[in-house]
Amino acid sequence: MNILIKPRKNRYIIYAIIIALFSTIGMQISLLNINIEQIFKRLEYRSMLIYFIAILKKSISGKGETDLLYSIIGCGIFLLFLIIFSYKFSKREIVSATCLAILFGICRWIGVAFSHKESWGYFLRNKYIVLLDIWYIAGYILFALGIFLLIGKMIIGYQKKNKNFFKAKHEKMYDFKHIFFLCALIILVCWLPYYVSLWPGAIHGDFSMQILQLFHYPTILQGQLTSDGINILYSNDHPFIHTQILGFFIKIGIRLKHVSWGYGIYTFLQMSAYIMGISLLLATLNKFAVNQLLLKVVLFIYALIPVFPLYSILVGGDAFFSLMFLYFMIEVIWIFGTKGKIFYNKKFNGIMIITAFLLMAAKNQGLYVFCMFFIICLIYFRKYFRKVLISMFVPILCFQFIYVGMIFPICKVGVVGEQEKLSICFQQTARYIKYYKDEVTKEEKNAINKVLDYEKIGNKYNPELADPVKKTYKTSATSTDLNNYFFVWLKMGLKHPVEYIEAFIANTYAYYAPLLTTNRGLYLKLNSMKFYKKTRPWVKDTIPQTFINKNNCESPRRLKKIRKTVITFCKLTYHIPVINWLYNPGIITWLMFMAFFVFWTRKEYDSMITFIPLLLIFGICLLSPKNNNLRYIYPTCCMIPAMLAAAFGEKNPDL
């Protein structure tokens with residue numbers, strides 16, 4: 001599609017100027033630190049219009065360092081709408097783009113509001129601020145609308161112009177194995193410097209809990225299990241299978257008189273598995289004729305952006321789960337790419353059974369994702385009903401009845417309590433008690449106190465982290481106690497529904513708010529057992545120092561300077577636009593929405609269904625205990641470059 005800048009009517013140029021000014025001013029509005037009383041005192045004339053103009057002037061002043069940026073944005077929006085007004089759009093295009101743009105504007109405002117305050121009350125304190133809010137949201141809506149309309153028109157134009165793109169251009173289609181090995185070699189060369197300089201890897205702080213469980217030391221999780229904590233050695237809150245796999249390599253390291261070697265072997269194998277998975281993913285997309293130029297760009301992204309090599313050498317359950325999810329998604333693409341015919345392949349069915357089992361064993365959320373996708377496949381591939389049932393229902397049975405039902409009791413693995421599923425409900429209750437404690441009746445207090453520590457949860461409430469409240473959960477709570485609690489929870493929610501909505505948003509906004517600032521997400525530390533003992537008071541009295549010394553993992557002295565330099569470089573990438581998008585859960589979500597929008601515009605409903613598991617991961621993040629956590633949404637992050645390539649890359653209709 002050749003982009004045309006020729007408005008169909010002259011007055012559209014004026015419209016483009018007005019939209020550019022309105023949108024740029026709206027995007028520049030600051031909703032913070034506006035002292036309305038002081039502004040009003042300085043005004044000689046009093047009217048609603050003068051009040052609003054004075055507040056608007058104050059809200060967009062004092063931003064000298066960003067004047068050039070917003071001038072460029074204003075010119076960009078003007079050119080954008082000149083292009084938009086040069087084309088005609090269907091009702092479907094306009095409605096789809098408008099709905100997504102409205103959602104973008106609202107999410108942007110929510111992100112700004114809740115990243116500074118735990119409530120939107122401050123941003124709705126009077127009618128003038130509300131008008132600024134509306135203008136701010138409208139500015140971003142118009143900006144997003146222009147982007148989405150242009151993308152939609154480019155995609156449709158590209159389709160019409162290149163209806164038989166691959167047939168006409170005769171692109172050289174490389175052999176599947178050739179693509180796989182070439183991608184693997186390039187990624188390996190680019191990732192090896194991270195592995196060597198950060199050897200033996202990065203260790204997430206929570207992993208030390210798995211080491212204690214591995215060697216049968218008691219942990220605080222044993223008080224949070226539904227089963228008898230005294231007779232339990234492991235908690236599946238940290239995946240039991242991952243504890244055993246990594247434990248095997250740790251014990252090798254101990255036998256070699258240096259536990260770091262065990263970690264180093266594990267991280268190398270995990271990195272190799274990621275490289276193989278990404279290479280298989282790119283080779284698979286090439287097999288189904290996604291544009292090769294885009295695949296080269298995606299290969300460049302996977303190879304050079306630090307988030308991917310850093311997570312490949314991260315020791316932790318989330319990195320392991322993301323790896324299993326990556327292989328699962330490759331199989332999903334094969335299923336829909338072949339219209340279900342792959343189910344006739346016995347080798348594929350066997351691999352699917354193994355992958356599905358590992359996905360569910362790697363993290364509790366894996367079971368929910370796979371079960372939902374199993375239902376979708378049963379409906380969508382009805383003519384392959386038996387094949388789908390064998391390859392997808394068998395791993396569910398194996399996981400539930402053999403792994404959880406038989407192996408867990410034998411190995412003394414406990415399942416965590418209901419608190420892991422009820423983060424949002426507990427946060428809402430804690431917020432209610434913090435602000436409306438005087439309205440709680442004695443009966444309501446008793447019902448809550450049988451499930452949570454009523455006296456503590458109000459003070460422990462953290463808007464963006466549910467763990468402090470969850471830790472007060474009483475494992476002695478019966479099903480009757482929980483039913484009574486839910487009745488009280490619903491009753492309180494009906495009294496003050498706004499508090500419940502705000503509690504949910506405060507705990508989740510970073511997963512959908514397109515905020516461009518980020519300073520977290522990468523795990524660069526080698527959190528040793530000594531560090532864990534210093535930061536966890538309960539470890540000091542229960543774990544012998546000899547055990548801590550024996551299992552302590554540290555970077556070699558020769559590599560410490562190199563490690564420090566690489567860490568400094570990785571931290572600098574937080575401030576590099578585009579690169580830092582993949583560190584930001586909100587931006588990752590909107591890149592996913594963008595891909596779905598492109599699929600919708602092209603009427604590729606099969607592709608939309610193919611990538612539904614990514615949407616399920618996002619949904620699970622909304623129920624998670626912690627806001628703004630990249631490792632929770634990393635399975636989606638790992639697939640985003642490939643998903644965008646599949647969305648924007650023209651496909652061969654014969655495949």
Restricting attention to segment 565-582, and to residues there that are within 21 Å of GLY201 (Cα to Cα) and open to solvent by 20 Å² or more (accessible area, probe 1.4 Å), which single residue is nearest to the chain's Cα centre (by Cα)? TYR574
Could you check segment 495-564 for helices (runs of 4 or more DSSP H) lying wholly inside it with 3 or more residues that are surrounded by fewer than 15 Cβ atoms within 10 Å (Cβ to Cβ) and modelled with pLDDT of 80 or more? 497-506
Of everything in segment 408-421, what is touching a residue at least 24 places away in the same chain (Cβ under 8 Å) and among the hydrophobic types (A, V, I, L, M, F, W, C)? Give them in sequence order. PHE408, CYS411, VAL413, VAL415, VAL416
With the requirement that a residue be out of contact with any Lys or Arg (no Cβ under 8 Å at 6 or more places or on another chain), over 13 Å from TYR432 (Cβ atoms), open to solvent by less than 60 Å² (accessible area, probe 1.4 Å) and in a helix (DSSP H, G or I), what does segment 448-482 give you? ASN449, LYS470, LEU482
Suppose we filter ILE567, ILE579 for residues that are touching a Ser or Thr at 6+ places or on another chain (Cβ under 6 Å) and either among the hydrophobic types (A, V, I, L, M, F, W, C) or without any contact (Cβ under 8 Å) to a residue 40 or more places away in the chain (or both); which single one remains? ILE579
For segment 276-290, state whether one or more residues are within 27 Å of the chain's Cα centre (by Cα), part of a helix (DSSP H, G or I) and without any contact (Cβ under 8 Å) to a residue 24 or more places away in the chain. no
All-but-one check, PHE597 against (1) within 30 Å of the chain's Cα centre (by Cα); (2) farther than 30 Å from ILE141 by Cβ; (3) modelled with pLDDT of 80 or more; (4) of a type outside the set (Lys, Arg), failing number (2)
Just give me the residues in segment 605-628 being part of a loop (DSSP other than H, G, I, E, B) and of a type in the set (Gly, Ala, Ser), in sequence order. SER624
Among the numbered criteria (1) surrounded by fewer than 16 Cβ atoms within 10 Å (Cβ to Cβ); (2) in contact with a Phe, Trp or Tyr (Cβ under 9 Å, 6 or more places away or on another chain), which single criterion is violated by ARG431? (1)
Among PHE148, PHE165, which is the only one that is modelled with pLDDT of 90 or more and either closer than 16 Å to ILE106 by Cα or of a type outside the set (Ser, Thr, Tyr) (or both)? PHE148
So TYR485 ticks every box in (1) aromatic (Phe, Trp, Tyr); (2) open to solvent by 60 Å² or more (accessible area, probe 1.4 Å); (3) without any contact (Cβ under 8 Å) to a residue 60 or more places away in the chain but one. Which box is left unticked? (2)
Segment 107-122, subset in a helix (DSSP H, G or I) and touching a helix residue (DSSP H, G or I) at 6+ places or on another chain (Cβ under 6 Å), residue most open to solvent (accessible area, probe 1.4 Å): ARG108
Scope segment 337-368; condition open to solvent by 10 Å² or more (accessible area, probe 1.4 Å) and not in a helix (DSSP H, G or I); matching residues: THR338, LYS339, ASN345, LYS363
Kindly indicate whether GLY414 is within 29 Å of LEU214 (Cβ to Cβ) and either open to solvent by 40 Å² or more (accessible area, probe 1.4 Å) or of a type in the set (A, V, I, L, M) (or both). no
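Is it the case that GLN244 is modelled with pLDDT of 80 or more, over 27 Å from the mean Cα position of the chain (by Cα) and either at negative phi or open to solvent by 50 Å² or more (accessible area, probe 1.4 Å) (or both)?
Values: modelled with pLDDT of 80 or more: yes; over 27 Å from the mean Cα position of the chain (by Cα): no; either at negative phi or open to solvent by 50 Å² or more (accessible area, probe 1.4 Å) (or both): yes.
No, not satisfied.
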With respect to the numbered conditions (1) surrounded by fewer than 22 Cβ atoms within 10 Å (Cβ to Cβ); (2) under 10 Å from the mean Cα position of the chain (by Cα), which one is the sole condition not fulfilled by PRO585? (1)
Consider LEU295 carefully, then state whether it is more than 30 Å from LYS421 (Cβ to Cβ) and either at pLDDT below 95 or open to solvent by less than 10 Å² (accessible area, probe 1.4 Å) (or both). yes
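One line per residue, one yes/no per condition, for (1) of a type in the set (A, V, I, L, M); (2) over 30 Å from PRO468 (Cβ atoms); (3) at pLDDT 80 or above:
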| position | (1), (2), (3) |
| --- | --- |
| ILE179 | yes, yes, yes |
| PRO193 | no, yes, yes |
| TRP199 | no, yes, yes |
| LEU225 | yes, no, no |
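The values are calculated or read from the model by the stated rules, or taken from the named source; none is laboratory data. Note that the coordinates shown come from a computational prediction; the quantities given were computed from them, not determined experimentally. Cβ: placed from backbone, ideal geometry, glycine included. Neighbour counts: every protein chain shown. Areas reflect the complete protein model, heavy atoms only, side chains present, ligands, DNA and RNA absent. Shrake-Rupley method; radii C 1.70, N 1.55, O 1.52, S 1.80 Å.
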